[in-house]
Amino acid sequence: MSDTKEVKGITFLPALTALIKPSTEYLGEEFKNAIKSKVDEHKKKKEEDNLIQHLKSVQEKTPIKDQENISYAQLDMFNDWVDGASKIDPKQSELSQVWQNLLIKAGEGEPTEIILNKLKTLSAGEALALMKFSKPSNIILSKEDLYHLDALEKNELIRPNNTFLSLVQWGMGFSVLFLIIIMFRTFAFDVISGSILIPSKINYWNIIFSVTSIFAYIAGALTFISFLKKGGKWAKKIKRLTWIGHSIVDLRG
C-alpha cells in the first residue's frame, strides 16, 4: 500500500506542477499587464490635466494672436513643448512658470530652441535645484540639491566661479609665502651662525619641524580649495549660472 502511495506521489506531483505552473505564470503576466495598463492610463490622464492647466495659464497671461502667421518652427517647437510641459505638475509653481513663459516667448517669435532642449533633459529634482541655486545665498541647498549640481554643471547650466576661486588661491598663496618668511626668520640666523661659528650646535630638529610645517600648511590649503570646489556651504560662491542657466531661471517672471 505504501508503495502505491509513493508511486502516486512521484507521478502525481510533477504532473500537477506541470499543469498549474503555466496557469500561474500566465495569470502573473496578465496581472502585471493589467497594473501597467492602469498606471499608463492614470499617467495619460494626469498629463492631459497638466497640459490643460498650463495652456489656460498661458492664455490668461497673453492674448491669442493670429494663428495664420505661426511658422513651421513654432509648430515644431510646440510639439516638443507639449511633450515636456505635460509632465510638469502645475503645483510646482516655479517650474510651471518657466514652461508657460517659454511658450509665450516662442509665440512672440523669440528663439527658444536651446532653452527647450536643455529643459527637456532636466529631471524634476535637477530643475528645482537650479531654481533654488539661483536664489539669494541665504537659501541653503540641501544634500539632494548639492547632488544635482554635478548634473547641472555637465549640462552647462552652472559653471565654476573662477574669479572667486582665483581669489581664494591667491589668498592661500600669500599666506603660505608669509608663513615661509616667518619660519625662515626663526631658524635662518641659527643655521648661518651655527654653520660658520659652531657647526655642532645647529638645531636640525628645528629645521625639520619648520620645513614640515610649511608642507603641512600647503597640503591643508590645497585640501581646503578642493573642498570648496566640491560645494557644501560654499556652493553658491564657487559656482555660478551660465548664460543658458540665467535664461531658464529668468523665465520664472
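The values are calculated or read from the model by the stated rules, or taken from the named source; none is laboratory data. If you're wondering where the values come from, they're calculated on a predicted model, not measured in any experiment. Cβ atoms come from the backbone with ideal geometry, glycine included; neighbour counts cover every protein chain shown.
In the range 47-105, the residue that is nearest to residue 118 (Cα to Cα) out of those that are among the charged types (D, E, K, R) and modelled with pLDDT under 85 is 76. Scanning the range 88-98 for residues that are closer than 19 Å to residue 44 by Cβ and either outside the structural domain of residue 44 (by TED's automatic domain parsing) or over 19 Å from the mean Cα position of the chain (by Cα) (or both) yields 89, 90, 91.
Considering the range 106-219, the qualifying helices (runs of 4 or more DSSP H), each wholly inside and each with 3 or more residues that are closer than 22 Å to residue 84 by Cβ and at pLDDT 70 or above, run over 113-121, 124-133, 143-154.
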